[in-house]
Amino acid sequence: MDATGSPLVPQPAFPPARAPRRYRGRALAFVPALRLAGCGAAILAGRLWGALRGLGLPREERAARRAARRRREGERLAAALGDLKGAYAKLGQFAALRYDALTPEVRAAFATLRDAVPPLPFPEVRACVEAELGRSLEQAFQSFEPEPVGAASIAQVHRARLPDGREVAVKVQYPWLRSSLPRDLALLRALLWLLAWRRPGGRAARRRLLDEFARGLAEELDFEREARVAAEIARNLAGDAAVVVPEVVASHSTGRVLTMSYLPAVPILDREGLQRVGAKPAEVLEILARSYARQVFVDGLFHADPHPGNLFVLEEPGPAGPRVLFVDFGLSRRLDPELRREMRLAIFALLRSDREAFLAGMERLGMVAPGAAPGVRAALDRMFARLRGEGAAPLALGADRVLALKDEAKALLEGTAGLQLPNDLLLYARTLSYLFALGAELAPEVDLMKLTVPWLLRFLAERDPAPAAA
């Protein structure tokens with residue numbers, strides 16, 4: 001049976017090995033440069049025209065027009081980034097998280113970027129796979145489906161069968177990405193200048209953000225790293241029979257081609273599919289909560305993209321019930337010891353309502369720009385006052401209130417000048433946020449916070465290693 005429940009049929013024969021069509025436009029620096037320059041010129045012209053039209057209008061109407069103009073600018077820019085794919089689409093997805101850096105209108109437009117693009121023609125896929133594996137497709141595989149099962153901003157995935165008959169999924173990176181990365185990053189640096197935000201330390205913040213983005217993108221383009229991460233997470237979760245990580249096929253994997261075992265499964269939010277395989281949503285959510293709590297609070301290495309397209313339930317449940325399948329480990333993070341320590345201290349400060357200790361931790365992480373501490377302190381006063389108004393300890397809040405606090409944290413980042421989160425911390429927060437939102441949709445009757453608290457308490461009880469002697 002395949003992932004939809006239909007019987008497996010013989011896979012198609014290999015298409016003829018036509019000469020691949022080269023994407024000359026992608027190899028020429030002026031193509032994305034011209035597209036972005038045209039987009040930037042239209043944005044600047046719109047701003048000038050808007051300023052002229054706003055002369056003499058009441059303040060409220062001018063503000064409404066500015067918000068509408070920023071929304072149009074974001075939509076125009078998001079469309080351009082999505083069409084250019086690769087680093088450009090990834091920047092849009094990255095920027096959608098930056099509540100501390102970009103306006104709500106621009107972020108909302110970037111949030112519409114979907115990690116799905118038109119697929120690469122099969123001759124290009126064949127050429128890439130054969131160049132990476134050093135042998136013909138016919139030698140490497142018994143069969144290889146020419147139509148991908150999915151295409152995203154940096155790669156697409158094909159089903160195939162190995163010579164020994166094993167079903168696999170083959171992730172193939174678009175061949176131009178690595179060679180174009182230095183040029184793309186230079187253009188994106190100019191783009192961030194265009195989107196400059198008026199906050200204290202803005203220039204340093206832009207440089208830091210682009211550096212974080214570049215490091216993260218380089219990691220996602222390294223499929224050998226993704227294979228290592230998948231294997232490590234599989235080892236960490238090996239004691240939980242309800243969690244499954246596909247096995248990497250090393251003989252058919254390189255830095256740009258990643259081959260992993262294929263396992264028939266149903267999407268995690270497919271209620272009809274879950275019912276067909278006998279999986280209760282509440283049981284599935286408990287497995288997710290347990291596995292993510294272990295990754296985040298114990299192992300420190302976690303799958304950082306828990307959207308429904310990366311989580312499945314196997315069609316063949318284990319003896320004790322459903323089994324959850326994780327796929328796509330390109331976006332993953334390892335929390336370094338310093339960040340884990342600061343997170344622990346921040347939670348303790350939150351539990352004690354100690355604003356100054358909380359602010360000191362933010363300053364140690366470089367989250368507060370020079371001169372911005374008074375404004376940040378005032379914003380923290382308001383946040384702590386709201387928490388005290390809840391009438392319950394933070395760890396006793398329900399999952400619905402945790403989601404509401406997430407929105408308050410967004411408002412804090414948006415409305416506080418000079419405040420910026422490290423990207424690893426944002427990914428951590430986004431992962432937990434996605435997980436709570438997924439839980440509310442999958443099994444709203446289950447309180448995810450209660451499932452998470454025991455693991456959080458274990459995290460808080462850890463002892464930090466003593467600092468090295470000078």
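Every number here is computed from the coordinates shown, using simple stated rules; none is lab data. Given the structure is predicted, the values throughout are model-derived calculations rather than measurements. Neighbour counts run over all protein chains shown; Cβ positions are idealised from the backbone, glycine included.
Rounded to the nearest 20, the size of the Cβ-charge dipole of segment 106-176 about its Cα centre is 260 debye, with Lys and Arg at +1 and Asp and Glu at -1.
With a point put 7 Å past each Cα toward its Cβ, work out how far Glu138 is from Glu247 in nm, to one decimal. Placing both labels 7 Å along Cα→Cβ, they lie 2.9 nm apart. Find the centroid of the Cα atoms in segment 68-93 and in segment 118-172, then give the distance between the two in whole Å. When both Cα centres are located, 29 Å separates them.
The separation of segment 311-333 from segment 203-274, counted between C-alpha centres, amounts to 12 Å.
Amide H to amide H distances under 5 Å link Val243 with Val324, where only residues 5 or more positions off or on other chains count and H is placed in the peptide plane. 3J(HN,Hα) couplings calculated from phi for segment 325-337 with the Karplus curve 6.51 cos²θ - 1.76 cosθ + 1.60 (θ = phi - 60°) are, in sequence order, 9, 9, 10, 6, 9, x, 9, 9, 9, 10, 6, 6, x Hz; Gly and Pro show x. Taking amide H as placed 1.01 Å from N in the peptide plane, Gln142 has its amide H under 5 Å from the amide H of Arg161, Leu162, each at least 5 places away in sequence or on another chain. With the simple spin-label model, which puts each label point 7 Å out from Cα in the Cβ direction, the Glu167 to Ala131 separation comes to 3.1 nm.
Would you mind counting up the charge near Trp455? Only other residues with Cβ under 12 Å from its Cβ, with Lys and Arg at +1 and Asp and Glu at -1. Cβ neighbours under 12 Å give a net charge of +2.
Can you tell me how much longer the chain between Leu351 and Ala45 gets when fully stretched, taken as 0.36 nm per residue apart minus their C-alpha distance, in nm with one decimal?
Full-extension gain reported as 105.1 nm.
For segment 66-72, 3J(HN,Hα) computed residue by residue from phi via the Karplus equation (6.51, -1.76, 1.60; θ = phi - 60°) reads 4, 4, 5, 5, 5, 5, 5 Hz, glycine and proline entered as x.
Sequence-ordered 3J(HN,Hα) estimates for segment 442-455 from the Karplus curve with 6.51, -1.76 and 1.60 and θ = phi - 60° stand at 6, 8, x, 6, 9, 8, 5, 4, 5, 6, 8, 3, x, 6 Hz, glycine and proline given as x. Projecting label points 7 angstrom from Cα along Cα→Cβ for Asp240 and Ala218 puts them 3.2 nm apart. The calculated Kirkwood hydrodynamic radius for segment 315-395 is 15.9 Å, given to one decimal from all distinct C-alpha pairs. Full extension of the chain between Arg65 and Ala461 yields a length gain of 137.4 nm, computed as 0.36 nm times the residue separation minus the alpha carbon distance.
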